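Heads up, the thing below is written out as structure tokens.
What follows draws every value from the coordinates through simple rules; no lab data is involved. A quick note: this is a predicted structure, and the numbers were derived from the prediction, not measured. A quick note on method: Cβ atoms are made from the backbone with ideal geometry, for glycine too, and the neighbour counts reach across all protein chains shown.
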Amino acid sequence: MAEEKKRDLLRTGRGKTPSRALARVEPDFLGKWEYAPALESTSHLTIRPSYDLFVGGKWVPAKSRKRFSTINPATEETLASVAEAGAADVDAAVRSAERAYEKYWRRMPGKERGKYLYRIARMLQEKAREFAVLETMDGGKPIKESRDIDVPLAAAHFFYYAGWADKLDYALPGRKARPIGVCGQVIPWNFPLLMAAWKLAPALACGNTSVLKPAETTPLTALHLARLFEEADFPPGVVNVITGAGATGAALVTHPKVRKVAFTGSTEVGKRIQKAAAGTGKRLTLELGGKAANIVFADAPLDQAVEGIINGIYFNQGHVCCAGSRLLVEESVHDVLVRKLAMRIRTLRLGDPLDKNTDVGAINSKMQLEKIRELVQSGIDEGAVLTQSGCTLPSRGYWFPPSFFTNVAQSFRIANEEIFGPVLAVQTFRTPDEAVEKANNTMYGLSAGVWTDKGSKIFKISQKLRAGVVWANTYNKFDPTSPFGGYKESGFGREGGRHGLAAYLEAE
Amino acid sequence: MTRGRRLRDVKSDVKDLAERPLPLVFPFPGRSVTVDQVALEERSAALGKRSIKKATKVAGIRLAISMCDLTTLEGKDSPGKIRQMCAKAVRPDPADLSVPSVAAVCIYPDLVAIAKRALAGSTVKVASVATAFPSGRSPLSLKLTDVKRAVSAGADEIDMVIDRGAFLSGDLRKVFDEIAAVKETCGEAHLKVILETGELETYDNVRRASDLAIAAGADFIKTSTGKVMPAATPPVTLCMLEAIRDHWLATGVKIGMKPAGGIRTSKQALHYLVLVKETLGADWLTPDLFRFGASSLVNDCLMQLKKEETGRYRSEEEFTKD
């Protein structure tokens, strides 16, 4: 009892006893003034009932004759039917890319290639609303993210690499840069349009041609992007977009005429691709999973650190390879930070992704939701303590509330395996060395965050972290000029910036 | 004093320095709180993107009107001006009696008695600036006389300014003691402490001054006098709301917040209400704990209400300008 009183004194600072209301201090974020629904209009967007493959500058039905549906994960309604490319379709796409490479694209002066890419960037800006709404409907992410992040960043990538197209000789000083050839690019479902831009922009700027395969749950923005390439009058075959699932991707990356493979996705598939590519002479870059540590020191600006943690793990429902999914917090501020975090997740608005006030959207697919549930169950079974936002979930669609675990040990599955959902594992450390040790104690190495008021500590810690990207007093910030990529099982190769050109150039 | 002294005399200065005690470290026990500028401004801007439409907008605008401290703080203020403004405060829109009265009028101390009479029988409070507003550059005894005079004339609320010179020179004890003395002199009157954030410049300073004012007895903390630019901004308000939240979490005591200066449009006001709602929750969405210090905000709010009601913007001339 005496101990408790002393703690209270320490808290209030003036020797006053805290008021009796203290036991009930819990903000009421819902009462009194509730926001009315603010739905983004969908009237400016036409989703066709069915989409074919974009091969050789034309829309062609799949020779496989197979089709599959893509749904809106927030409503489970079917949006469109999409062609499933078989081996023959992949072959046709790669051959058209090869023809376009030899006939047009490798011969075209960089300056001219740049003009084409600038055109795409501008068209993306002009049709930003169409792409944002489509991205949100097909993938489940909140409209405020697709509108403010995905689409503007995608356009920025095309602008940035368009600028490099006629300056490639300066990218590798003293050496001559040449394109590689046909690129097989396989992209994930978490940032469908943005990843298409990350892949296509540098490849095309460097003089390569591409066969792009978007993920089977989110093919629509890549297909609409293909329409932009068509409208922009690109030479036929420079960009080909084929849709399908794992088998289509496998056929693409193993195709003998594909000279360069770029893959973003799971570590498991990445390993298979690397095995398949071994000994073929194919160039390869992989951007795979992550289990990033967000390290918060006691001297950090805590209210802002909470914002960074929120942005780190609940951005895009946690479907982010560089998500700050492990929070390492200095033990002396653990209780304060967790209290603030628990309070803050109650303000996150989960619901209709098309509502402009939605913070957390739908889980991308049923499969992913099941994976998240399984891992959360394992956390409960292993003895971690679960805190959830307590929001009501819509009855249809795939949803998981913002959640975090405390009492997490390094040996728990939730501290090691990538959950790829809105679930954070909170661990504590006592000293900077321990923080670094725990942060690096993972098979992954994509990203990390450091929160402290002390500049010198930022440099000291970030140099010891084995992570491709380290954010200081911020998290999940992306820019086309900044290289992005991982260490260890998070993959290799860099995307973005001057470094991103190396993956698409042959240096002589 | 030092001019003309010879080198051999100077030794003693060092001794003087050594005898001077260092100021106490403040805040007393506990952590000192730092604020990250970039992340704070980002959060504030993100909350500015909330889409407030239809019924939410109307309810928010009505709430904002009821939270206004209708203000005039000019050298040319006269009894006539005060009486006219008081009428506006009680009934902002004579054509629509459902529009609530504002929370208070905010005026200089010598006009308190006039306002008090004009507002008799209404719910509108009288707030008076005091303590050598706006600069605060007077001896404490004069500042306290200023406060006493306003209180005895009937002021319900006192808006004091802190000694920014003392704060920036590191003499936090002086700032603290002055606030504590003013609080004591206020008696029953509520005390709002103006930090003049435009002069403090950094969020670290704003946060520290907020903690200091709250610890010394402020009932409300207020951003600005309105005489220094920048006055209230959303991020500076968020920074102060976070100080209020930390105090609440630690003690259960609710401190009020008043951004003042530069808030002219209902759209701005709604942004502030969003900051309050998502930082402290519905408990603070009341004139008892949140105020706007503003003069032209009320009319913009009325104009927006009319627009929501009729679907059309009306001319400025249709709204009374007192």
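Only lysine pairs 8 or more places apart, or on different chains, with alpha-carbon atoms under 24 angstrom apart are counted in the range A:120-211, and they number 8. Centroid-to-centroid, using Cα positions, the range B:260-300 and the range B:154-199 are 22 Å apart. Sorting B:6, B:164 by the number of Cβ atoms found within 10 Å of their own Cβ, with the fewest placed first, yields B:6, B:164.
So which of A:477/B:277; A:66/A:356; B:116/B:307; A:477/B:54; A:340/B:222; A:58/A:111 end up more than 29 Å apart by C-alpha? Beyond 29 Å: A:66/A:356; B:116/B:307; A:477/B:54. Here is the list for the range B:109-143: trypsin sites (Lys or Arg not before Pro) lying in DSSP coil, each with at most 15 other C-beta atoms within 10 angstrom of its C-beta, are B:137. From the alpha carbon centroid of the range B:106-133 to that of the range A:57-134 is 69 Å.
Any idea what angle helix A:366-381 forms with the longest principal axis of chain A, computed on alpha-carbon atoms, 0 to 90 degrees, nearest 10? Around 30 degrees separate the two axes.
Of the GluC sites (Glu not before Pro) found in the range A:27-78, those that fall in a DSSP loop while having at most 16 other beta-carbon atoms within 10 Å are A:34, A:76. Within the straight-line cut-off of under 14 Å between alpha carbons, the aspartates and glutamates reachable from residue B:267 are B:300, B:308, sequence neighbours fewer than 8 places apart in one chain being disregarded. Using a cut-off of 16 Å between alpha-carbon atoms, which aspartates and glutamates can reach residue A:257, once sequence neighbours fewer than 8 places away in the same chain are excluded? Those aspartates and glutamates meeting the cut-off are A:89, A:91, A:98, A:102. Arranged from fewest to most other beta-carbon atoms within 10 Å of their beta carbon, B:169, B:51, A:146 become B:169, B:51, A:146. Potential lengthening of the chain between residue B:317 and residue B:96 amounts to 77.9 nm, from the contour at 0.36 nm per residue minus the alpha-carbon distance. Determine the distance separating the Cα centre of the range A:26-53 from the Cα centre of the range A:419-468; give it in Å without decimals. Between the Cα centre of the range A:26-53 and that of the range A:419-468, the gap is 35 Å.
Quick note on chain A: its Rg to Rh ratio, both from C-alpha atoms and Rh being the Kirkwood radius, is 1.00.
Couplings 3J(HN,Hα) of the range B:136-146, computed from phi: x, 8, 9, x, 4, 4, 5, 4, 5, 4, 4 Hz, in residue order, whole Hz [Karplus 6.51 cos²θ - 1.76 cosθ + 1.60, θ = phi - 60°; x for Gly and Pro].
Multiplying the residue separation of residue A:39 and residue A:266 by 0.36 nm and subtracting their alpha-carbon distance yields 78.4 nm. One quarter of the convex hull surface built on the alpha carbon atoms of the range A:357-421 amounts to 4.7 nm², the projected area averaged over directions. Taking label points 7 Å from Cα along the Cα-to-Cβ direction, residue A:87 and residue A:385 give a separation of 5.7 nm. The simple Förster model, with R0 at 51 Å and r as the Cβ-Cβ distance, assigns residue A:230 and residue A:411 a FRET efficiency of 0.45. Loop-located GluC sites (Glu not before Pro) across the range B:40-95 with a Cβ neighbour count of 13 or fewer within 10 Å are B:74, with loop assigned by DSSP. Between residue B:148 and residue B:282, the C-beta separation translates, for a Förster distance of 22 Å, into a calculated FRET efficiency of about 0.05.
Within straight-line reach of residue A:271, meaning a Cα separation under 19 Å, sit the following lysines at least 8 residues removed in sequence or on another chain: A:213, A:260, A:282, A:291, A:488. Partner shielding of B:35-45 amounts to 5, given as the average count of beta-carbon atoms from other chains within 10 Å of each residue beta-carbon.
A crude spin-label estimate for the pair residue A:176 and residue A:125, with each label 7 Å from Cα along the Cβ direction, gives 3.6 nm. About its Cα centre, the dipole of the range A:358-508 is roughly 300 debye, where the only charges are +1 on Lys and Arg Cβ and -1 on Asp and Glu Cβ. Each of B:90, B:33, B:38 was scored by other Cβ atoms within 10 Å of its Cβ. Arranged with the fewest first, they read B:38, B:90, B:33. Taking R0 as 45 Å, what FRET efficiency do you get between residue A:275 and residue A:166 from their Cβ-Cβ distance, rounded to the nearest 0.05? So the FRET efficiency works out to roughly 0.75. Dipole magnitude for chain A: computed about the Cα centre from +1 point charges on Lys and Arg Cβ and -1 point charges on Asp and Glu Cβ, it is near 1100 debye. Label-to-label distance, residue A:32 versus residue B:310, with points set 7 angstrom from Cα along the beta-carbon direction: 3.2 nm. Computed from Cα positions, the angle between helix A:302-314 and the longest principal axis of chain A comes to roughly 40 degrees. Helix B:54-66 and the long axis of chain B differ in direction by around 60°, with both axes built from C-alpha atoms.
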